Structure formats: structure tokens, C-alpha cells
Amino acid sequence: MTDAPLKAMAKTRDLKAGHFLFEFTSPGIGHILKQADCDFAIFDTEHSGFGFETVKQVMTYMHGAGVPTVVRVPSKDYKDVARALDVGADGVMLPMVGNVAEAKSIIHSMKYVPTGGRGVILRCAHDQYTAGPTMEKLAEANARSVLFAQIETAEGVENADAIAALPEVDCLWVGHFDLSCSLGIPGEFDHPKFTQAIDAVVAAARANDTALGRLVPDVTGAVELYKQGFDFIAYSADAWILGDALRTGLNDIRAGCSK
């Protein structure tokens, strides 16, 4: 088992367009995203309340549809990082990574020996229940697993270059709302403090040839961010897409019927 599409994506600066899942866990969700031409998905457990049984089910759906999926875990604790990978995540996204020591701790939790100290379980969801020599299996798992480090604090911005320099860090992901709060300017994304912080993270990613990602609510913003240097673009989230499309359709019906 050597196929690692998410790792391959992270090694290029080509556009990767995907979607966030906060709400929906239908067995068809993977195929829905695949038919929409999603390059990747991010399954959120930090804010959604989903547990690991749900994560395992959804990873099965995503693998069946061929959609590489990152699980955003709720903490930097070993139990969250390792377990997300054990149940089939292609990669993990960690909140509020502030410095190199935290990043190295995460790497230790997610990688098997000799790179890290993740507890070993083989022939389970993460290796699709396949058999093989132990050290080969561990090396393959280490090579496949992807780390998205969220830069969403002032400390993270300050240390972004050093974090991106770690070879096991595949992507810097800007958490824009939390970053604006950390900078003391909640939601002020045009504020000079925020734009300067973004410029610093972009520069860190470029200097280390590390992928750079962000969630965006609209197409115009996505295009602008890609031009700025972001290559992993998550376009909106499941509940927001449904709500916006439904509101637009219903309003159009009402408008048409009132003529």
C-alpha cells in the first residue's frame, strides 16, 4: 500500500481545491465531493463535535470515493493525533501550532519509529487491513501521513519560518478568524496587522517550499489567495453551501412568483 495522493499534492504548488465538512456524514458524501471535482476534503472534529467512530466511518466513505481527507483534530494531544490516523485519516490538521517544540511533539505523535513514537497498530483502517513486513509498513505509513500545521496565533506567525522548515510539516494552514483574534483585531482581515501577518506566513511557506492553505467563503477571495501564494484552497463548508444555495433558490422563487 504505497498510494499517497495527499502527500503528492503537498509536494507541488499547483492549485488544490477542496471543501470543509463540519456537518454532514452521509455515506454518499465522498462520492458527492468526488463528482464535484474536489481535490481534497477537511473533516472537522475541532468544532463539530464528531467523535472517532464517526471519523472512521467517514474516512471509509472518502477512501471509497477516492477523496484524500485531512482530519482536523480538536487538540495537539497524542490521543487525538494518533487516533485520527489510526482510523484512516490521510493527514491531520492541528490547531494553534505556535512553535517548533509543539510541531515536533505533533510529529512524534503521528509518525512511527524511527521518526516518531506513535503506538503501532497494523492491519487496520489506516493501512486498509493489508499485511506486510513490519518495518516496511511503518515506513509506508510515515511516508503517507501528512501534517497541516495551523498558524492562527501571533506566536505561530513569529515562528512560521522555523515550523515550515521541519521536513515533516507538509502545509501551513492559516486559521484566519483565530489569527485575527490573537492579533487583537477580531474579523478585521483588511487591518495592516493582519495583512502583515499573512505576508509573513506566505514568505515562510515560500522560503521552505511548503504548501500553504486557507478556508475561503467565496470564489473571488479564493482566486486572490491563490495569486498571493496559497495552493490548498478549501472553498466554504457543507452547511454553509447548503444554506446559501437554498436561500438563493427560495428567494428567487418568491421573487418570480411575486411578479
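The values are calculated or read from the model by the stated rules, or taken from the named source; none is laboratory data. Not measured: the values here are computed from a predicted model. Positions of Cβ are backbone-derived with ideal geometry, glycine not excepted, and every protein chain shown enters the neighbour counts.
Just to verify a result, which residue in the range 97-114, among those that are closer than 21 Å to Val73 by Cα and among the β-branched types (Val, Ile, Thr), is surrounded by the fewest Cβ atoms within 10 Å (Cβ to Cβ)? Looking at the filtered set, the residue picked out is Val100.
In this structure, is His19 exposed (fewer than 15 other Cβ atoms within 10 Å of the Cβ) and either under 30 Å from Ser182 (Cα atoms) or touching a strand residue (DSSP E or B) at 6+ places or on another chain (Cβ under 7 Å) (or both)? The answer is no for His19. Out of curiosity, is His31 without any contact (Cβ under 8 Å) to a residue 40 or more places away in the chain, within 17 Å of His19 (Cβ to Cβ) and not basic (Lys, Arg)? Taking the combined requirement at face value, the residue satisfies it. One residue stands out in the range 117-149 among those that are closer than 15 Å to Arg83 by Cα and surrounded by 19 or more Cβ atoms within 10 Å (Cβ to Cβ): the one that is modelled with the lowest pLDDT, namely Asp127. Does at least one position in the range 192-211 carry a residue that is closer than 25 Å to Val73 by Cα, in contact with a Gly (Cβ under 8 Å, 6 or more places away or on another chain) and not in a helix (DSSP H, G or I)? No, the range 192-211 contains no residue that is closer than 25 Å to Val73 by Cα, in contact with a Gly (Cβ under 8 Å, 6 or more places away or on another chain) and not in a helix (DSSP H, G or I). For the range 197-253, a residue qualifies if it is closer than 30 Å to Pro167 by Cβ, touching a strand residue (DSSP E or B) at 6+ places or on another chain (Cβ under 7 Å) and among the acidic types (Asp, Glu), and exactly one does: Asp231.
Entry remark, the range 181-204: residues being out of contact with any helix residue (DSSP H, G or I) (no Cβ under 7 Å at 6 or more places or on another chain) and either among the charged types (D, E, K, R) or more than 15 Å from Thr153 (Cβ to Cβ) (or both) number 7 in total. Residues in the range 81-121 that are of a type in the set (Gly, Ala, Ser) and over 22 Å from His19 (Cα atoms): Ala82, Gly98, Ala101, Ala103, Ser105, Ser109, Gly116, Gly117, Gly119. The set of residues from the range 213-236 being in contact with a His (Cβ under 8 Å, 6 or more places away or on another chain) and closer than 18 Å to Cys171 by Cβ comprises Arg214, Leu215, Ala234, Tyr235. For the range 166-174, the criterion of a residue being more than 17 Å from the chain's Cα centre (by Cα) and in a helix (DSSP H, G or I) is satisfied by no position. Within the bounds of the range 25-47, is there any residue that is buried (at least 16 other Cβ atoms within 10 Å of the Cβ) and touching an Asp or Glu at 6+ places or on another chain (Cβ under 6 Å)? No.
Only one of the numbered conditions (1) under 21 Å from Arg214 (Cβ atoms); (2) surrounded by 19 or more Cβ atoms within 10 Å (Cβ to Cβ) is violated by Ala82, and that is (1).
Return yes or no: is Ser236 closer than 22 Å to Ala41 by Cα, surrounded by 13 or more Cβ atoms within 10 Å (Cβ to Cβ) and among the hydroxyl-bearing types (Ser, Thr, Tyr)? Here the answer is yes, as Ser236 does meet what is asked. When residues in the range 66-118 are screened for being within 15 Å of Glu152 (Cβ to Cβ) and either outside any strand (DSSP E or B) or polar (S, T, N, Q) (or both), 12 of them pass. Of all the residues in the range 121-165, those that are out of contact with any Lys or Arg (no Cβ under 8 Å at 6 or more places or on another chain), assigned to a loop (DSSP other than H, G, I, E, B) and of a type in the set (A, V, I, L, M, F, W, C) number 3.
Within the range 205-217, being among the small types (Gly, Ala, Ser) and within 18 Å of the chain's Cα centre (by Cα) holds for Ala205, Ala211, Gly213.
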